[in-house]
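Worksheet: the structure to be examined is printed underneath.
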Amino acid sequence: MVFRCLIRRAVAMLLAGAGLAAPCFAHQHIRQSISIPMRDAPHTLAADAYLPAASGSWPVVLIQTPYNKNLFAPVFTLELTDDPLLESPDYAFVVLDWRGYFASAGAAYAGSPTHGEDGYDAVEWIADQPWCTGSVGTWGASALGNVQMKTAAEQPPALKGCVPIVYHYGETYDQYYPGGVYYRSRNDFVAGAFGGGTLVRDNPQYNLLWQILESTTGDPALIDLPMLHVTGWYDHETAITIREMQSIQSNGATHAFGKQKLIIGPWTHNAIGALAQGELEYPSAEHYSSSAALAFFDRYVRGIGNGWEGRPAIEYFRMNDDLWVQASAWPPTGTEPRQFFLRADGTLADTAPATTQTFSYDANPADPVLTVYGATINSTLGEQGPGDLSAVEARADVLTFTTPVLTAPLTFEGTPSVRLFFECDAVDTDFAVRLTHVYPDNRSMLLVDGIRRASLRNSFGTREPLSAGTVYEVVVDIPPVSVTIPAGHRLRLLVGPSNYDRFDKNMQDGSDLSDESGATAVTAHVTLRFSQAHPSALTLPVVPAGPDSDGDGHPDSVDAFPMRSDEWEDADGDGLGDNFEQLIIGDDPIDGIGILADVLAGDDYDGDGSSNYQEFLYGTDPVTPSPPLPATSSSSGMVLFLMLGLAGAAWIAWGLPNRRRCALLREG
């Protein structure tokens, strides 16, 4: 078992480099090496077909990769996945090396067909094979997602649906220079793998080149089929993927218009759907996107009527509530902007200070604030996802601003922003901001971060150098997020001069890039100002809390027992409150095991003549006597009893093995 876990772990590391989530174990497919003819015969592209271990023909999921098709062999042939899609025996899979990469390297030449045209040829050839039903879908993350968009834009007739994950379709300035700052870890990786680095580096401001690229790439009108788009709060292109989906949803061709779905989970770029994300785990989101992808393909590639069209346009995961929320658009409606004003004592307050306050630091490019966690890609310094930033906060050049301990949950979802009033004695500087969730044990876990170049504070197309002694205003936009900070916890804002090497560091001498010829590090003294005239503030799109009947700090909308203030106590950490375990199901509140099947149909804890399950159904408190409820038939009681029993059995079947599995993986 330990050996098998070691194999899983090794394969997980390999697949993470290809934009795949960590694997476990599944149904076996039989591998066949194939050569797919292209329109520029005699050139072919190398691929592997993975057919279910049975005779017949199947719908096919095409995966096009620049990262070596052989990385997928363990997934399909050695049963190294528990991914609901990749383990499915209802589909065959074809994994193809891009033209110019790995086994297809020899097919590249000047003027050769585009990757989109290659995708068209591959789809149509696959559809004609005897082992294919004639229906093809595409799937994949990152570059494997980008190429799906190029393939779909060519409109191959046999292509019925696509699942692009953590991707972009068009080429835009903010992909390469978010906040006007060179996207160091991303751009250097992309340049090394796909080229184009010199062009990007030579155009650090928004200019005619970017205008042309933005107007000639990513045309939503070329997309004419349904898609399921997937991204994560810890991906580096979350806002871009959301923008692409909504553009196609509104402006796509006939079969794309209104037929786009989007899932946003608590995921990093390399671990979509995985349990572990950075230093945290999200069991409620594990495999969610893959299960949705399977349902999507069942509907459009297999042609099964499964109600897919009735799903909401957008499903997003609200972190800490462990809740999937449905919406018709992003950002969701119903939020209210709330300002948290920065103060020199390091607090975030409801009002700006009445008199002028200041808080200063020295920004030294020779000693940048390093990336520790976040939405990185191929960073040599930071880890993807959430993690503790306590070490970052200990630096003298990082200012922290923290709320008091919250007495009620704080939920925000949308795009936060930070408005800063400042002085600087250098000609330029950057403002790198981070939002963190501060736990009672003082861990400061990263939520999301953003950056803005001060000389580009008014326009990404025009640099405006700074002058000492002048007060300036800059707004730092933060990528989208959905999270609840629980009562008893705190929210923190970090402000500093850099987040390197996620983003480039500003040499503060007027240069655009830290490694350009002649760039020289200049230390800058930066002073933030806080007052009624200079109201530096964090703005959050807050979800109104609503009523809280029992005053426990949890609004009725998310309160399991809205009339009991103690149901959130959970001594054994099994996910079932002590009150529920002791009073409702008679279970042991300290054994670490929650068994919902212990609920009996006739139980009536409060002795009011209405059984517990009746009170659950009618929304009354099962531990406080209530007026008589309408009679519920014995058949409905049996149904509920069976449902609770099945729920308990499912919980045991899923929870305990998964706990043991995770323990083995950690030991491995």
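The values are calculated or read from the model by the stated rules, or taken from the named source; none is laboratory data. Small disclaimer: the values here were computed from a predicted structure and weren't measured. Cβ: placed from backbone, ideal geometry, glycine included. Neighbour counts: every protein chain shown. Just so you know, the surface numbers come from the protein's heavy atoms only, side chains and all, with ligands and any DNA or RNA stripped out. Shrake-Rupley method; radii C 1.70, N 1.55, O 1.52, S 1.80 Å.
ALA295 meets all of the listed conditions (1) within 29 Å of LEU446 (Cβ to Cβ); (2) open to solvent by less than 30 Å² (accessible area, probe 1.4 Å) but one, namely (1). Exactly one condition in (1) open to solvent by 20 Å² or more (accessible area, probe 1.4 Å); (2) among the small types (Gly, Ala, Ser); (3) out of contact with any helix residue (DSSP H, G or I) (no Cβ under 9 Å at 6 or more places or on another chain); (4) more than 21 Å from VAL301 (Cα to Cα) is false for SER55; which is it? With (1) open to solvent by 20 Å² or more (accessible area, probe 1.4 Å); (2) among the small types (Gly, Ala, Ser); (3) out of contact with any helix residue (DSSP H, G or I) (no Cβ under 9 Å at 6 or more places or on another chain); (4) more than 21 Å from VAL301 (Cα to Cα) applied to SER55, the lone miss is (4).
Criterion first (more than 29 Å from THR241 (Cα to Cα) and either touching a residue at least 12 places away in the same chain (Cβ under 8 Å) or open to solvent by 40 Å² or more (accessible area, probe 1.4 Å) (or both)) does PRO66 satisfy it? No: the conditions fail for PRO66. Just one residue in the set ASP362, ASP322 is among the charged types (D, E, K, R), open to solvent by 70 Å² or more (accessible area, probe 1.4 Å) and under 20 Å from the mean Cα position of the chain (by Cα); that residue is ASP322. Please work out if GLY450 is among the small types (Gly, Ala, Ser) and under 30 Å from ILE314 (Cα atoms). Criteria met by GLY450. Taking segment 211-251 as the range and being acidic (Asp, Glu) and within 17 Å of VAL481 (Cβ to Cβ) as the test, the residues that pass are ASP235, GLU237. Out of the residues in segment 496-537 that are touching a Ser or Thr at 6+ places or on another chain (Cβ under 8 Å) and in a strand (DSSP E or B), state the one that is nearest to THR436 (Cα to Cα). Checked segment 496-537; the qualifying residue nearest to THR436 (Cα to Cα) is TYR500. Within segment 468-489, the residues that satisfy the criterion of being over 22 Å from GLY265 (Cα atoms) and open to solvent by 60 Å² or more (accessible area, probe 1.4 Å) are ALA468, GLY469, GLU473. Anything in segment 330-358 that is out of contact with any helix residue (DSSP H, G or I) (no Cβ under 7 Å at 6 or more places or on another chain) and among the hydrophobic types (A, V, I, L, M, F, W, C)? List them, or say none. Residues satisfying the conditions are PHE340, PHE341, LEU342, ALA344, LEU348, ALA349, ALA352, ALA354. Considering each residue of segment 390-401 in turn, at least one proves to be among the basic types (Lys, Arg) and either part of a loop (DSSP other than H, G, I, E, B) or on the phi > 0 side of the Ramachandran plot (or both).
Counting only residues that are aliphatic (A, V, I, L, M) and either part of a helix (DSSP H, G or I) or open to solvent by 30 Å² or more (accessible area, probe 1.4 Å) (or both), segment 228-264 holds 5 of them.
Helices (runs of 4 or more DSSP H) fully within segment 97-177 that include at least 1 residues being crowded, with 24+ Cβ neighbours inside 10 Å, at pLDDT 95 or above and within 30 Å of the chain's Cα centre (by Cα): 115-127, 143-153. Taking the criterion of being in a helix (DSSP H, G or I) and touching a Lys or Arg at 6+ places or on another chain (Cβ under 8 Å), the residues of segment 73-96 that qualify are ALA73, PHE76, THR77.
Number of residues in segment 329-385 that are among the aromatic types (Phe, Trp, Tyr) and either free of Cβ contacts under 8 Å to residues at least 60 places away in the same chain or part of a loop (DSSP other than H, G, I, E, B) (or both) equals 1. On the given criteria, is LEU225 farther than 28 Å from MET445 by Cβ, in contact with a Lys or Arg (Cβ under 8 Å, 6 or more places away or on another chain), at pLDDT 95 or above and not basic (Lys, Arg)? Criteria met by LEU225. Inspection of segment 17-32 identifies no residue that is in contact with a Ser or Thr (Cβ under 8 Å, 6 or more places away or on another chain), crowded, with 18+ Cβ neighbours inside 10 Å and modelled with pLDDT of 95 or more. Return yes or no: is GLY192 over 30 Å from ASP128 (Cα atoms) and in contact with a Lys or Arg (Cβ under 7 Å, 6 or more places away or on another chain)? Judged against the criteria, GLY192 is not a match. Summed over segment 402-432, the residues that are open to solvent by less than 10 Å² (accessible area, probe 1.4 Å), closer than 19 Å to VAL471 by Cα and not in a loop (DSSP other than H, G, I, E, B) give a count of 7. Scan segment 69-82 for residues that are farther than 25 Å from GLU124 by Cβ, out of contact with any Cys (no Cβ under 8 Å at 6 or more places or on another chain) and buried (at least 22 other Cβ atoms within 10 Å of the Cβ) and the total you get is 1.
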